[in-house]
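I have placed the structure first, in the form of structure tokens, so that the comments after it can refer back to it.
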Amino acid sequence: MKIIVLSAAALVLAAALPARASEDLAKKHMCTTCHVVKGAKTIGPTYTDVAKKYAGQKDAEAKLFDKVKKGGQWVWGQVPMPPNAAVPDADVKALVKWILSTK
């Protein structure tokens, strides 16, 4: 009985924690429709290009958080990035940290 209770508690706790950022989280929120980690640019910039552009900027996380949530244009070309307001803030924060860590 204790095993069942502990297992259930672990599942509830895991569901309550923000998602850990990875390429899987980017896929979950359909970010990979326009972006890839590295290689040839697709519709949007690669994550490694984003990380290079914002490297060393103290406000990079805040800038990218706003860009993901609100969308934007003219930073990487003519194709605008649509807003992603439905993506939970915790997921956006995790994704931004992950993107900035790509090399």
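The values are calculated or read from the model by the stated rules, or taken from the named source; none is laboratory data. Everything quoted here is computed from the prediction, not taken from an experiment. Using ideal geometry, Cβ is built from the backbone for each residue, glycine included, and neighbour counts are taken over all protein chains shown.
Within region 20-27, identify whether any single residue is part of a loop (DSSP other than H, G, I, E, B), crowded, with 17+ Cβ neighbours inside 10 Å and at pLDDT below 95, and answer yes or no.
yes
Could you list, in sequence order, all residues of region 77-103 that are part of a loop (DSSP other than H, G, I, E, B) and either buried (at least 17 other Cβ atoms within 10 Å of the Cβ) or touching a residue at least 60 places away in the same chain (Cβ under 8 Å) (or both)?
Scanning region 77-103 gives Asn84, Val87, Pro88, Thr102.
Can you tell me which residue within region 44-76, out of those that are part of a loop (DSSP other than H, G, I, E, B) and small (Gly, Ala, Ser), is farthest from Met30 (Cα to Cα)?
The residue in question is Gly56.
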